[in-house]
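**Student:** Below are the structure tokens for one structure; questions will follow.
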Amino acid sequence: MVMEVRGDLQAFDFKELHRFLRQGDTLFEGNPFVGCALLTHPKLNRLKRLSVFLSPLSRQELSFLKEQPSVDLESLVTDVMRRKLLRRMQRQKGVLSQKDSEEAERRAKSAFRELTLAHQFEHVIPNHDGEDSENWNAFYFPLGDAGKTLDTFVALLRGHKAHGTESWEKDFICLR
């Protein structure tokens, strides 16, 4: 399977996945476009799976923002992600090139469309500490939302009920 994601081609090999699954559990971590394809593809419909979507905003925050007449939700989500992406890139590279800024913008503009896919996942975990946050690795253990997100994800992997997960209905976030 080949698909265009955020301006890049991404491919997935079903034979390779089945080979990995014969050896044990397999984890896909990546963009929700490929994640949704894995959840809905007929070749995989008999597989037991756990699906998790990490959201930069919680259901409560999004509900509040949707009610504000002066808020363009798509623009706000794009800005939230733009800032996170630029902070992460600056941490990794220092001075950003124009190409780096364009990449951050392309990814940020995809964020709202990605949120519209969250309802297809069994669990949505709000996580304000994106990859740019020092809460992931500056201390002995992840702190803040990074720590809560990790604890929630581990609980789900262990088959436990996890506090902090959300479930979003299909029309909760819609494209205009």
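**Student:** Mind checking which residues of the stretch 101-130 are in contact (Cβ under 8 Å) with a residue 12 or more places away in the chain and loosely packed, with under 15 Cβ neighbours inside 10 Å?
**Tutor:** Of everything in the stretch 101-130, those that are in contact (Cβ under 8 Å) with a residue 12 or more places away in the chain and loosely packed, with under 15 Cβ neighbours inside 10 Å turn out to be S101, R106, E122.
**Student:** Anything in the stretch 87-115 that is in contact with a Ser or Thr (Cβ under 7 Å, 6 or more places away or on another chain) and either of a type in the set (V, I, T) or under 22 Å from E134 (Cβ atoms) (or both)? List them, or say none.
**Tutor:** Once the filter is applied, which keeps residues that are in contact with a Ser or Thr (Cβ under 7 Å, 6 or more places away or on another chain) and either of a type in the set (V, I, T) or under 22 Å from E134 (Cβ atoms) (or both), the stretch 87-115 yields A108, A111.
**Student:** Could you check how many residues of the stretch 9-37 are in contact (Cβ under 8 Å) with a residue 24 or more places away in the chain, closer than 28 Å to D151 by Cα and surrounded by fewer than 15 Cβ atoms within 10 Å (Cβ to Cβ)? Don't jump to the end; show me each part of the working.
**Tutor:** Of the stretch 9-37, the ones in contact (Cβ under 8 Å) with a residue 24 or more places away in the chain are 10, 12, 14, 17, 21, 31-37.
Adding the requirement that they be closer than 28 Å to D151 by Cα leaves 17, 21, 31-37.
Checking which are surrounded by fewer than 15 Cβ atoms within 10 Å (Cβ to Cβ) leaves us with 21.
Count: 1.
**Student:** For the stretch 38-59, how many residues are under 27 Å from D129 (Cβ atoms) and either part of a loop (DSSP other than H, G, I, E, B) or without any contact (Cβ under 8 Å) to a residue 60 or more places away in the chain (or both)?
**Tutor:** So the answer is 7.
**Student:** Go through L73, L57, L47 for me and flag whichever is surrounded by 12 or more Cβ atoms within 10 Å (Cβ to Cβ), modelled with pLDDT under 95, out of contact with any Cys (no Cβ under 6 Å at 6 or more places or on another chain) and not small (G, A, S).
**Tutor:** Working: L73 fails: modelled with pLDDT under 95; L57 fails: modelled with pLDDT under 95.
Result of the check over L73, L57, L47: L47.
**Student:** Given the options D132, D100, name the one that is outside any helix (DSSP H, G or I) and modelled with pLDDT under 95.
**Tutor:** D132
**Student:** Going through L85, L62 one at a time, which residue ends up being buried (at least 17 other Cβ atoms within 10 Å of the Cβ), touching a Phe, Trp or Tyr at 6+ places or on another chain (Cβ under 8 Å) and of a type outside the set (D, E, K, R)?
**Tutor:** On the way: L85 fails: touching a Phe, Trp or Tyr at 6+ places or on another chain (Cβ under 8 Å).
Within the list L85, L62, the selection yields L62.
The values are calculated or read from the model by the stated rules, or taken from the named source; none is laboratory data. Computed from a predicted structure; not experimentally measured. As a convention, Cβ positions derive from the backbone with ideal geometry for all residues, glycine included, and neighbour counts pool all protein chains shown.
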